[in-house]
Amino acid sequence: MPHDTPLISTIVGGLVLAFIFGAFAHRLRMPPLVGYLIAGVLVGPHTPGYVADQSLAPELAEIGVILLMFGVGLHFSLKDLLSVRGIAVPGAIAQIAFATLLGWGLGAFLGWPTGGSLVFGLALSVASTVVLLKALQERRLVETERGRIAVGWLIVEDLAMVLALVLIPAAASIGGEGHAPVEPLSAGLNRLFGLDLGIGGMIAMTLVKVALFVALMLVFGRKLIPWTMHRIAHTGSRELFRLGVLAIALGVAFGAAKLFGVSLALGAFFAGMVLAESELSHRAAQESLPLRDAFAVLFFVSVGMLFDPNILIDKPLLILATIFIIVIGKSVAALLIVLAFKKPLGTALTISASLGQIGEFSFILAALGVELGLLPEEGRDLILAGAIISIILNPLLFFLCDRMRPFFEGKREESAAEPAAPSADATITQETAALEDDDVHPTALSGHAILIGYGRVGRIVGQNLKSSGTPFLVIEDSDKRIGELKALGIETFMGNAVARETLDLANLSGARSLAIAIPNAFEACRIAEQARSVNPSILIVARAHSDAEVDELKQYGADTVIMGEREIALGMVDRLAQVHHEGVPYEDGHGPDTLISTDEPPPQRQ
Ligand code: AMP
């Protein structure tokens, strides 16, 4: 590997090893992120062989954070954000306080100075953006109420971090504990403006800067960014559009961080949010996906690089205590807080599972604490070990929360209501159920049709089923669509249809047909596979975008697979034949304006 190209070798080494170990982990039926972390440990300085650049890797990972937060922003409107503030603000603050207290307790027990113990506690209290968002995305929870609460919670934590990074150096220099080798940014600014602000002033100044950034984004960004993207879309150049998306996500995030002291993640979130209401948001999300996933993988590699496996042998008990605080202490606190807000148990469990880990913020705090002489190196090592282990445990935590829910519910209601049958495939940790209400009951329908997805395709199928009087129900995971379905009086279950729990509610075994109208063939295959195993005689009709997907879906049990692109072509052929050979006039109601979407079959075709 060339020695003079650290950037290239870090990217290539990170991605290649992450790919190999991710695939390996997948084969062993473990989440791929475990493989990415192991790849990181291998390219890190604590194991022999090639060592990637330790400062470049986390920087590259930041790009993943930016694109992830931008992507989440694209699904969020200001209204969505404000709708969760009632629970996210007090919830996050209470949880940060509780976890900090536990961490401080452990630090005090070990005889660390108060400042160091507080930094340690704070580092254990903030969840990793990447881990949380990836967990929500894998389970298709971002557009659900619980997903929005978790993201709102994350944003409050992010803001708390922005404040902490300003305040810790200031407090260190004022408190006389430790030393302050770097001048805090705000102190520099104070001098620049000839001001001498105390801690209160610094907090106020930081908040004013954040508020200024948010106001600028909401007033100008909201007009300027969608306008720019529309102009670029009209050039017809996909390359320019893609570039525009990246330039806006990265540019706003970087500008926010440099000019306003806002975190990169928060800046990116707002850049996405101002685009969310534009019809281009869907395309923008698509365009940033591949890069986002690649850089998010580098995040896990960079975490792995920091890990020194020796600590497992040197300080097992301290690590256990740290993990206990992160995984159990924090989760239980979040669970109780969400339940105190009278949210359903399922929501509380998802939120607490998503927060039971730490990551990039904690590393920044740990590094700052050590640099200021507040936190002993032992504290940083515990934080690093705690992070990697809690990230590995996170999918397990989600899995356990799912398993625990029926048990708790049974206790709560003390009713004989039968819990949903557990998944036959215990390895599907990524596909946990995402049911939004806790008091859902299985359908009473039988001999019915089950429609999965109510988007561009499912909507047309649903309308036809309704008008023909066929008994049917819908499974959807976007709560915006659920609202629409409920208004139409259609029986609906909210959740990821890949989860067996969701499918069971739809009485799969008693259904006559299943229409899988979702675009992701990988998920569609899992659904078809489960459906076929539960009900060998059900008719399964699925949607695909390529011949390879058609074959795969058939292999997994689909009877009929409609390939969107082929149907579009046939629709075009029909229309051309009508005009050229049958003499059908151009304006017969089948004109070009009736075919609006890109991959839907024409409504009238069989
Ligand atoms: P479209 O591609 O426009 O037909 O939209 C697909 C619809 O299916 C969207 O409304 C999604 O929310 C929904 N959807 C996609 N995947 C799943 C899934 N695994 N479970 C339930 N609904 C889904």
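Can you name every residue in region 63-100 that is within 16 Å of LEU132 (Cβ to Cβ), in a helix (DSSP H, G or I) and not aliphatic (A, V, I, L, M)?
Result: GLY64, PHE70, GLY71, GLY73, GLY91, GLN95.
Taking ASP293 as the residue in question, decide whether it is on the phi < 0 side of the Ramachandran plot and more than 20 Å from the chain's Cα centre (by Cα).
No; evaluated as a whole, the condition is false for this residue.
The conditions are (1) more than 14 Å from the ligand (Cβ to nearest atom); (2) at pLDDT 95 or above, and ALA577 fails exactly one of them. Which is it?
Condition not satisfied by ALA577: (2).
Would you be able to tell me the number of residues in region 530-579 that are outside any helix (DSSP H, G or I), among the hydroxyl-bearing types (Ser, Thr, Tyr) and within 25 Å of GLU501 (Cβ to Cβ)?
2
Determine which single condition ALA127 fails, assuming it passes every other condition in (1) in a helix (DSSP H, G or I); (2) more than 16 Å from the ligand (Cβ to nearest atom); (3) in contact (Cβ under 8 Å) with a residue 40 or more places away in the chain.
For ALA127, the failing item is (1).
Assuming HIS448 fulfils every condition listed in (1) in contact with a Ser or Thr (Cβ under 9 Å, 6 or more places away or on another chain); (2) within 24 Å of ILE568 (Cα to Cα); (3) buried (at least 20 other Cβ atoms within 10 Å of the Cβ) apart from one, which condition is it?
Status for HIS448: all satisfied but (2).
Give region 226-244 a look and list any residue that's aliphatic (A, V, I, L, M) and either under 16 Å from ALA285 (Cβ atoms) or touching a residue at least 40 places away in the same chain (Cβ under 8 Å) (or both), or say none.
Correct list: MET229, ILE232, ALA233, LEU243.
Hey, does region 170-191 have a residue that's modelled with pLDDT of 80 or more, of a type in the set (D, E, K, R) and assigned by TED's automatic domain parsing to the domain that holds ARG85?
no
Looking at region 492-504, I want the residues that are in contact (Cβ under 8 Å) with a residue 12 or more places away in the chain and have a partner that is aromatic (Phe, Trp, Tyr) and near the ligand (Cβ under 10 Å from one of its atoms) with Cβ atoms under 7 Å, at least 6 apart or on another chain. Which pairs are those?
Note: pairs meeting the criteria are THR502/PHE493.
The values are calculated or read from the model by the stated rules, or taken from the named source; none is laboratory data. Keep in mind that this is a model prediction, so the values were computed, not measured. For neighbour counting, all protein chains shown are included, and Cβ atoms are generated from backbone atoms with ideal geometry for every residue, glycine included.
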